[in-house]
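Structure record follows, encoded as structure tokens.
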Amino acid sequence: DAKTTQPPSMDCAEGRAANLPCNHSTISGNEYVYWYRQIHSQGPQYIIHGLKNNETNEMASLIITEDRKSSTLILPHATLRDTAVYYCIVRVKGAQKLVFGQGTRLTINP
Amino acid sequence: DAGVIQSPRHEVTEMGQEVTLRCKPISGHDYLFWYRQTMMRGLELLIYFNNNVPIDDSGMPEDRFSAKMPNASFSTLKIQPSEPRDSAVYFCASRGLETGELFFGEGSRLTVL
């Protein structure tokens, strides 16, 4: 699976959009970008995934650059409950292993 | 569905004792994963099963660790004998064949004194 690079930490004000970047310059054509988050003391939670088109669901939006070498997870109106570690992972959709990096620790401030 | 269910939620034991962690995956999911999380090493994949068969156990740290899945609705992770460095949160996760996402349990926090 391709390696990803994320900033170790970020802050965002409550009510604002939180934009979390991820670099995956070695991504291959059949690898998807997945995002998970882990709220303190809970198990990781799936957020969203995409291949090359932008994706949106009830939790977030995923913007993937045209060359697919980077992506951004957008939480449109961040709340205090969005404080968590966010993991960006790239892998082939049918691949079984999901390997977590260190992620980005996002803190939403009141 | 109740989600992935793990037990116990917390376990404190003494070095040398046997520890058994249990997991019930989501009904209909045919993949089951065991992860371990520590501050130093983050989330590590230990082993995963497909249709109750172990597929990859390369992440299991050593022979003291063993995992079984006797049927589609139950798995165990056993540590014998336990050591203080095994202290961690152990997560179980499951997924279905058609979906890409994993569903995690709440974890079992193990402390070995």
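Each value in this text was obtained by applying a stated rule to the coordinates, not by laboratory testing. None of these values were measured; they are calculated from a predicted model. Methodologically, a virtual Cβ is constructed for each residue, glycine included, from the backbone with ideal geometry; neighbour enumeration extends over all protein chains shown.
General observations
- Shielding by other protein chains, A:22-31, mean Cβ within 10 Å: 0
- Per-residue shielding of B:26-38, expressed as the average number of other chain Cβ atoms within 10 Å of the residue Cβ, stands at 1.
- Equivalent ellipsoid, the protein assembly as shown (semi-axes from 5 times Cα gyration tensor eigenvalues, Å): 31, 20, 16
- Zero-based 5 Å bins, Cα pair distances in the stretch A:35-89, whole percents: 4, 19, 29, 24, 14, 6, 2, 0
- Cα Rg, Dmax, the stretch B:14-80, angstrom units: 12.2, 37
- The stretch A:1-31 and the stretch A:38-59: distance between their alpha carbon centers, rounded to Å: 12
- For the stretch A:68-109 versus the stretch B:11-85, the gap between their alpha-carbon centres in whole angstrom: 25
- Its residue count N sets the reference 2.2 N^0.38 Å, and the alpha-carbon radius of gyration of the stretch A:21-61 equals 1.32 times that reference.
- Kirkwood Rh and Cα Rg combined as Rg/Rh, chain A: 0.95
- Here, chain B is characterised by an Rg to Rh ratio of 0.95, where Rg is the alpha-carbon radius of gyration and Rh the Kirkwood radius.
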